[in-house]
Amino acid sequence: MLSPITSRNHEVVKRFRKLGRRSHRDKYGLFMVEGLNLIQEGLDAGATLKELAYVNARAEEAAYIRSRLDEPVPAHEISQQLMDWISDVVTSQGIVGIVDQLDSSYEELVSSELSMLLVADQVRDPGNLGALLRIADASGVDGFVMTTGCVDLYNPKVVRSAAGSHFHVTSVKDVEVLRLSQDVGDRVRMLGLDPRGDRCYLDEDLTGPVALVVGNEAFGITDVDRPILDGTVYIHMPGKAESLNVASAAAVVLFEALRQRRGECV
């Protein structure tokens, strides 16, 4: 049996570590997922696992994952110290995998029959973008669209926050709001969510096809994109809090849309 890898200079360790950088992820079309549950979720969704690293305490989990694969992939036992160095969290789960990025076609998305889209306009916080993707998954949107200026979809913190939703949602990035508006035409209403909105979201008819646009954490929907929208809505908040987290606000409106479409409480 081979001894576990213990050196930071080992090529395997360098390969995993480099995936913390967007330039490396983009160059090779890969990203890293951590934990048995997330790796399994990816496999269940048809994702391609390229490589595996684990600590001794997770050897059985690694063996189980490999038993599920049609083709063998490299698997490496590494020391706990190196796993903590590779991992993006304070306490790692002890097993990480390298997975192919999930390529979704923007053209196929906008040419399909659309009911609901979630659009992130320059959302830069990884936790927020991951939470938005998770909410998009939970609410069953047709697609999650990100404009240029959003944090990378495969940033480790985004992956962790999304908790597997990367594998379930059609996601496209670097799409400008103007282009999306032109491509969906009159088929889909472009509706912005903004504290300065024209009307309360509860007074809005959300039963038809809609693309909900949410903006940057600091300055909201950009001044360039605001005139492109068909309208804006706000969330009435009778309490003393000035605003909601962008992901929480999106969830409120998306699930109101589902309630209206079902004609009953979700």
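Just to be sure, is VAL159 of a type in the set (Val, Ile, Thr), part of a helix (DSSP H, G or I) and at pLDDT 95 or above?
On the way: of a type in the set (Val, Ile, Thr): yes; part of a helix (DSSP H, G or I): yes; at pLDDT 95 or above: yes.
Answer is yes for this residue.
Considering each residue of the range 94-111, count those that are assigned to a loop (DSSP other than H, G, I, E, B) and either β-branched (Val, Ile, Thr) or in contact with a Leu (Cβ under 7 Å, 6 or more places away or on another chain) (or both), and give that number.
Initial filter on the range 94-111 (assigned to a loop (DSSP other than H, G, I, E, B)): 94, 101-105.
Filter once more, so that each one left must be either β-branched (Val, Ile, Thr) or in contact with a Leu (Cβ under 7 Å, 6 or more places away or on another chain) (or both): 101.
Selection size over the range 94-111: 1.
Looking at LEU180, is it surrounded by 22 or more Cβ atoms within 10 Å (Cβ to Cβ), over 18 Å from VAL246 (Cα atoms) and among the aliphatic types (A, V, I, L, M)?
When the stated conditions are applied, LEU180 passes them.
Out of everything in the range 40-65 that is farther than 21 Å from ARG17 by Cα and surrounded by fewer than 14 Cβ atoms within 10 Å (Cβ to Cβ), what residue ends up being nearest to the chain's Cα centre (by Cα)?
The qualifying residue nearest to the chain's Cα centre (by Cα) is ALA45.
Being part of a loop (DSSP other than H, G, I, E, B) and either within 23 Å of GLU107 (Cα to Cα) or outside the structural domain of ILE135 (by TED's automatic domain parsing) (or both): is that true of VAL175 here?
Numbers: part of a loop (DSSP other than H, G, I, E, B): yes; either within 23 Å of GLU107 (Cα to Cα) or outside the structural domain of ILE135 (by TED's automatic domain parsing) (or both): yes.
Considered against the rule, which asks whether it is part of a loop (DSSP other than H, G, I, E, B) and either within 23 Å of GLU107 (Cα to Cα) or outside the structural domain of ILE135 (by TED's automatic domain parsing) (or both), VAL175 comes out as yes.
Criterion first (outside the structural domain of LEU49 (by TED's automatic domain parsing), within 30 Å of HIS10 (Cα to Cα), in a loop (DSSP other than H, G, I, E, B) and modelled with pLDDT of 95 or more) does LEU114 satisfy it? Explain how you work it out, then say what you get.
Numbers: outside the structural domain of LEU49 (by TED's automatic domain parsing): yes; within 30 Å of HIS10 (Cα to Cα): no; in a loop (DSSP other than H, G, I, E, B): yes; modelled with pLDDT of 95 or more: yes.
No.
Which numbered condition trips up GLU256, out of (1) closer than 23 Å to SER181 by Cβ; (2) out of contact with any Leu (no Cβ under 9 Å at 6 or more places or on another chain); (3) not basic (Lys, Arg)?
Exception for GLU256: condition (2).
Residue by residue through the range 191-223, note down the ones that are loosely packed, with under 13 Cβ neighbours inside 10 Å and either of a type outside the set (A, V, I, L, M) or in contact (Cβ under 8 Å) with a residue 40 or more places away in the chain (or both). Explain how you work it out, then say what you get.
Going through the range 191-223, the residues loosely packed, with under 13 Cβ neighbours inside 10 Å turn out to be 196, 199-200, 203, 205, 207, 218-219, 223.
ARG196, ARG199, CYS200, ASP203, ASP205, THR207, PHE219, ASP223, listed by residue number.
The values are calculated or read from the model by the stated rules, or taken from the named source; none is laboratory data. Nothing here was measured: the structure is a model prediction, and the numbers come from that model. Using ideal geometry, Cβ is built from the backbone for each residue, glycine included, and neighbour counts are taken over all protein chains shown.
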